[in-house]
Amino acid sequence: MDFNTLKKNLKKDFSSFKKVKIAILGDSATQMFNKAIKGFGYEEEINFEIYEADYDQIHQEVFDINSGLYQFEPEFTIIFFSTQKLLNRFYKDKTDKIAFGDDFILGLDSICQILDQTLNTKIIISNYVELDNRLYGNYSNKIEVSFLYQLRKINFELMHLAQKEKNIFITDLNYLQSVHGNDFTFDEKFYYSANLAFSLDFYAVYAQNVTQIISSILGSFKKCLILDLDNTTWGGIIGDDGMEKIQIGTLGIGKIFTEFQKWAKQLQKRGIILCICSKNTEEVAKEPFEKHPDMVLRLDDIAVFVANWNNKADNIRYIQEVLNIGFESMVFLDDNPMERSIVSENIPNITVPELPQDPAQYLSYLRGLNLFEIASVSENDQKRTEQYKVEAKRKIEMKNYTNEKDFLKSLTMVSTVNPFNNFNIPRVSQLSQRSNQFNLRTIRYTEEELNKIINSDKHYTFAFSLEDKFGYNGIISIIILTETNPKTIFIDTWIMSCRVLKRGMENFALNSIVEFAKGKNYQRIVGERIPTKKNKLVENHYQDLGFKFENDKWSLDISNYESKLNYIEKK
């Protein structure tokens, strides 16, 4: 999407979109980036409220507690650097050039430390696009006093800094430059006349990248990849050509589809749910997954496999029902334009990329879209496919029971309840970042913020895991309680994975926190639902649990509380 398109978006109506406060700090002119990110916010249905610091005032804004930055209190602070400015600084720096990169990272670390201590803000930093002054030619790669060596060192150490500080995220401008090329990235005329670090259209690409990071932190990201088979996952038509003649392997066209499968496999290992939706006879469609020696993807990699002759929109609705995730979290890939059109027209919010006609371009096109941006990872990601396959088995078995009570008893469910700790914090943070439907207040917490909560004497934390006869679900619900006065605790956060809906976990969790509250001599539990476009599922949550609406909050007197019925045993 080019800059002019984003600029036109500025005239459109943002009033119904979620408001997000961002601050932009740059060492070069930022006005074009300001317009680009505001315009791209329209594409993501985000109404960015923007504080734009004066030109090259990063240190002044951060180290002056009375600056406009602190008055604005941004949710996200975007810091972007110009390679041209870095080069000028490198020329002027009279200290040892070998220490240039280390000194820069130390200074940046101090900026981030101040922001983290004084503002509840996520920090998004751009790395440096490459600009070699060519004083040493290729020898720049071997000599520490060269600018190129120090620039690459800064980019490398920036990754270490982001690993150390959980509130720091990196916009990979260096990668974007490598994809689009120098002619697209830079416009020397604008740099010399207006001090703009990049071309106008590169600002559009930059804005898109930053917005994708913000969206993922806010919990909007893709969880599921649905694949067609013929001429998408492999070359040829399995029903006509037979398993032996489909195109996969290490030679010719087959190599294209093998590389595509490797990409999908790595997404699955990372935690993306893989599903199949194909117009085929199921037995025929599954045969390559079971028997073809060159197949990278196997049935174990697929959470839900649908191959029949029904229309694909209905089949995707079935997949969504099994997975119990929103359509906005799903991506559907199909080589056939007609099938893409049917799905996109009948299933609002699903992402259906317009794949190139040439399969050789599939991967470069999909990588450029950056559909699977995330803000965190955990060990649980690698187990997600198996968990959803097990959930599909549960749904099938449920059909064998005439009533829900007997089905729930048959699951022999067991839950472990633990406070947050160093072992479960990554998964807890991930639930906080990713959960949208069963999320009462939609407050997002990073691992660093959760560690602060753990060490607070005013907060109590609960991580609920669930296991049944089909397998272990891992941590599926979290609750954070905050003391508001000696008699009352407030439910700051109540989140639950939609995979375990309708199994009585809400009742079990409430019983658990009531038991805890009584043990601490509290008399009342107060809850709140902050409505969002995605959490209508829990609109009546507190009412259904017996809370009463008082003073804009939901309140439960626990003095005469009667334990809620459920079929979950506490371990």
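The values are calculated or read from the model by the stated rules, or taken from the named source; none is laboratory data. Note that the structure is a prediction, hence the values are computed from the model and not measured. Please note: Cβ atoms are built from the backbone with ideal geometry, for glycine as well, and neighbour counts cover all protein chains shown. Surface areas here come from the heavy atoms of the whole protein model, side chains and all, with no ligands, DNA or RNA. Shrake-Rupley method; radii C 1.70, N 1.55, O 1.52, S 1.80 Å.
A few notes on this one:
- In this structure, LEU10 and VAL179 have a Cβ-Cβ separation that, at R0 = 30 Å, corresponds to a calculated FRET efficiency of about 0.70.
- Subset of LYS166/LYS534; LYS389/LYS571; LYS19/LYS389 violating a 30 Å alpha-carbon distance limit: LYS19/LYS389
- Histogram of C-alpha separations across the stretch 91-173, 10 Å bin width, %: 17, 45, 28, 9, 1
- Each DSSP beta bridge with both residues in the chain is either parallel or antiparallel, and the antiparallel ones are about 45%.
- Its residue count N fixes a reference of 2.2 N^0.38 Å for the stretch 1-86, and the Cα radius of gyration divided by that reference is 1.14.
- Distances between placed amide hydrogens fall under 5 Å for SER555 paired with GLY527, LYS548, PHE549, GLU550, all partners being 5 or more residues away or on another chain.
- The modelled label-to-label distance between LYS533 and GLN117, using points 7 Å beyond Cα along the C-beta direction, is 3.9 nm.
- Label sites at GLU45 and MET398, each approximated as a point 7 angstrom past Cα along Cα to Cβ, lie 2.5 nm apart.
- Here, the stretch 71-120 has an Rg and a Dmax of 13.8, 38 Å when only alpha carbons are counted.
- Relative contact order of the chain, pairs being alpha-carbon contacts under 8 Å that are 6 or more residues apart, as %: 10
- Of the trypsin sites (Lys or Arg not before Pro) found in the stretch 253-301, the ones in coil according to DSSP and having at most 15 other Cβ atoms within 10 Å of their Cβ are ARG298.
- Seen through its C-alpha gyration tensor, with square-root eigenvalues sorted a ≥ b ≥ c, the stretch 470-571 comes out oblate because a/c lies at 1.5 or above while a/b is not bigger than b/c.
- Local electrostatic count at GLY26 - Lys and Arg +1, Asp and Glu -1, tallied over other residues with Cβ under 14 Å: -3
- Integer Hz, Karplus 6.51/-1.76/1.60 couplings in order for the stretch 66-74, x for Gly and Pro: 9, 6, x, 4, 6, 5, 6, 6, x
- Candidate lysines - alpha carbon under 16 Å from LYS153, same-chain residues fewer than 8 apart omitted: LYS97, LYS142
- Here the Karplus curve 6.51 cos²θ - 1.76 cosθ + 1.60, taken at θ = phi - 60°, turns the phi angles of the stretch 435-447 into couplings of 7, 10, 7, 9, 8, 5, 10, 6, 8, 9, 10, 7, 4 Hz, with x standing for Gly and Pro.
- Too-long pairs where the Cα-Cα distance tops 18 Å, listed order kept, from LYS405/LYS502; LYS7/LYS189; LYS458/LYS548: LYS7/LYS189; LYS458/LYS548
- FRET E, pair ASP457, LEU87, Förster distance 60 Å, beta-carbon r, rounded to 0.05: 0.75
- The Kirkwood radius of the stretch 430-505, taken over pairs of alpha-carbon atoms, gives through the Stokes-Einstein law at 37 °C and 0.692 mPa s a diffusion coefficient of 245 µm² s⁻¹.
- Counted over all Cα-Cα pairs of the stretch 103-227, pairs farther apart than 22 Å make up 50 percent.
- Here's the list of lysines a cross-link from LYS570 could span, going by alpha-carbon distance under 16 Å and ignoring same-chain residues fewer than 8 apart: LYS409, LYS469.
- Using the rule -39500 (n - 2.57) for each DSSP H run of four or more residues, divided by the residues of the chain, the 222 nm mean residue ellipticity is -12500 deg cm²/dmol.
- Furthest towards positive pole of dipole, GLN357, ALA392, SER376, structure part the stretch 353-423, Cβ charges: ALA392
- Building the convex hull from the alpha-carbon atoms of the stretch 340-423 and averaging its projection over directions returns 10.4 nm².
- Within the shell defined by Cβ-Cβ distances under 12 Å, the residues around LEU363 carry a net charge of +1, with Lys and Arg each +1 and Asp and Glu each -1.
- If the convex hull is drawn through the Cα atoms of the chain, its volume per residue in Å³: 185
- Computed from phi, the 3J(HN,Hα) profile of the stretch 332-339 under the Karplus parametrisation 6.51, -1.76, 1.60 (θ = phi - 60°) reads 10, 10, 8, 6, 8, x, 5, 5 Hz, with x in place of Gly and Pro.
- Looking at the chain, the accessible area is 46 square angstrom per residue; that uses a 1.4 Å probe and ignores ligands, DNA and RNA.
- Summing charges over neighbours of VAL296, with a neighbour being any other residue whose Cβ is under 13 Å away from its Cβ, gives +1 when K and R count +1 and D and E count -1.
- Relative packing of peptides 47-55, 395-403 - highest average C-beta neighbours within 10 Å first: 47-55, 395-403
- Taking all Cα pairs closer than 8 Å and separated by 6 or more residues, the relative contact order of the stretch 98-173 comes to 43 percent.
- Simple label model, 7 Å out from Cα along Cβ direction - GLU188 to GLN357, nm: 3.8
- Summarising the amide proton neighbourhood of GLY474: residues at separation of 5 or more, or on other chains, whose placed amide H is nearer than 5 Å comprise LEU466.
- Averaging the sequence gap over all C-alpha pairs within less than 8 Å and six or more residues apart, then dividing by the number of residues, gives the stretch 501-571 a relative contact order of 47 percent.
- Trypsin sites (Lys or Arg not before Pro) lying in DSSP loop within the stretch 44-116, provided at most 13 other Cβ fall within 10 Å: LYS94
- 5 angstrom amide H check on ILE124, placed H, neighbours 5+ away: THR77, ILE78, ILE79, PHE169
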